[in-house]
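So the structure is just underneath, and the comments pick up after that.
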Amino acid sequence: MTDTVVVASPDRGEAKPPRRLGTARNREALAGYLFILPVFLGTAIFNFYPIFRSLYLSLTETGVFAGETFVGLQQYVRLFQDEQMLRSVFNTLIYATIGLAGIPLAVIFAGLLTKKGLRFVGGYRVLYFLPVVTMPVAVGLVWGLLFNTDYGIINQFLTALGLSPVPWLTDPSTMMIAIALVGIWASLGQNIVLMLAGLQSVPGEQLEAATLDGAGPVRRFLRISVPMASPTIFLVSILTVISSLQVFDLVFVMIGSTNPNIEAAQTIVYYFYKMGVEEHDRGYGAAIVSVLLVLTLLVTLIQFRLQRKWVHYE
């Protein structure tokens, strides 16, 4: 049996492989675009379109039934001359400021739940997280009964201590405090879960080294665990502020539109509901929402600026 040698013809040259690499990359890119297309369409329809639509409506004057008349910045001029709007912005900022007090509580509770040897840790986590999965309307109704001036448990406890009952939900000086305390309680579970993830990511070697140097548990927690979990604390602060600026359900359920002192607890979103839904002034309501959007972006930008001084990334 003899071997056969094939010699390429000099006039034809060497055989070149077909150029299919570009076609394969194009197909792969097309498949990727098709996979992200539903997410892009959903974001465009349910996020971007309402934003631009609201911005356009804020420049118009709308009737009760239909019709839109372009009026330029007239709605914004009216907005900044509206005392109720300015009071709503002030109340919202007060609520958000008080809500930040829940972050240290979440850090402390998360630190206790990460303590070695603690029993029923899973049960404690479930109990803390229950308010998060509870309907906000149910939360508002229950806490409204607890804060009731005449038969609420909180005032009965104060009376048993020899103190005078406090009109939590009728006195303008205490209404926002009561709502903010409920907001802290309702969001505490989510913040604890996030802080648990941040504290559990702290390297054990550094904690062991601090223990060998004689640092106690409190000092290790404050000097090592908390600084290394500062990115998680920053995330929790961002989520807390954004959710606080959008508070509506607690005000609507606990205070209600029939309360004569509703303006003392009226937030931006509640005022939007009042003007845009109850009064059917969609143009003015859109201007209120636009102010809320700008305020949220501004506060978030300030938080990102300040985080450079206290957030430590590895």
Next item on the list: Collect residues whose amide H, placed 1.01 Å from N in the peptide plane, falls under 5 Å from the amide H of Thr60; neighbours closer than 5 in sequence don't count.
Entry: Val71
Checklist line | With DNA, RNA and ligands ignored, accessible area of Asp281 (1.4 Å probe; Å², nearest 10) | finding: 20 Å²
Notebook entry, point to check: Roughly how big is the chain's charge dipole about its Cα centre, with Cβ charges of +1 (Lys, Arg) and -1 (Asp, Glu), in debye to the nearest 20?
Noted result: 1020 debye
Note to self: Can you compute the modelled spin-label distance between Ile51 and Trp185, with each label point 7 Å from Cα toward Cβ, in nm?
What the structure shows: 3.6 nm
Check: What angle do you read, to the nearest 10 degrees and between 0 and 90, between the alpha-carbon axis of helix 83-99 and the longest principal axis of the chain?
Finding: 70 degrees
Notebook entry, point to check: With the dipole of the chain worked out from charges on the C-beta (+1 for Lys and Arg, -1 for Asp and Glu) around the Cα centre, which of Ala210, Asn26, Ile94 lies farthest toward the positive end?
Noted result: Ala210
Notebook entry, point to check: Given Cα pairs under 8 Å that are at least 6 residues apart, what percent is the relative contact order of the chain?
Noted result: 26 percent
Check: Over what distance in Å are the Cα centres of the range 203-235 and the range 251-279 separated?
Finding: 45 Å
Next item on the list: State the extension gain, in nm to one decimal, for the chain segment bounded by Leu306 and Glu279, taking 0.36 nm per residue of separation less the distance between their alpha-carbons.
Entry: 5.8 nm
Checklist line | Added length on full extension, which subtracts the Cα-Cα distance from 0.36 nm per residue, Ala197 to Val132 | finding: 21.7 nm
Next item on the list: Leaving ligands, DNA and RNA out of it, work out the accessible area of Val139 with a 1.4 Å probe and give it in Å² to the nearest 10.
Entry: 10 Å²
Check: Based on the alpha-carbon gyration tensor of the chain and its eigenvalue square roots a ≥ b ≥ c, which shape applies: rounded if a/c is under 1.5, prolate if not and a/b is larger than b/c, or oblate?
Finding: oblate
Next item on the list: Note the angle between two axes, namely the Cα long axis of helix 102-113 and the longest principal axis of the Cα atoms of the chain, as a number of degrees from 0 to 90, rounded to the nearest 10.
Entry: 70 degrees
Note to self: Can you show me the helix-derived [θ] at 222 nm for the chain, built from DSSP H runs with n ≥ 4 at -39,500 (n - 2.57) apiece and divided by the number of residues, rounded to the nearest 500.
What the structure shows: -19500 deg cm²/dmol
Next item on the list: Take the alpha carbon gyration tensor of the range 113-194, find the square roots of its eigenvalues, order them as a ≥ b ≥ c, and report rounded if a/c is under 1.5; if not, report prolate when a/b exceeds b/c, else oblate.
Entry: prolate
Next item on the list: Report the accessible area of Tyr128, computed with a 1.4 Å probe over the heavy atoms of all protein chains in place, in Å² rounded to the nearest 10.
Entry: 70 Å²
Note to self: Along the charge dipole of the chain, pointing to its positive end and built from +1/-1 on Cβ of Lys, Arg, Asp and Glu, which listed residue (Gln81, Ser230, Gly256) has its Cα farthest out?
What the structure shows: Ser230
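The values are calculated or read from the model by the stated rules, or taken from the named source; none is laboratory data. None of the values given here were measured: they were computed from a predicted structure. Cβ: placed from backbone, ideal geometry, glycine included. Neighbour counts: every protein chain shown. Accessible surface is based on the protein model in full, side chains and every heavy atom, while ligands, DNA and RNA are left aside. Shrake-Rupley method; radii C 1.70, N 1.55, O 1.52, S 1.80 Å.
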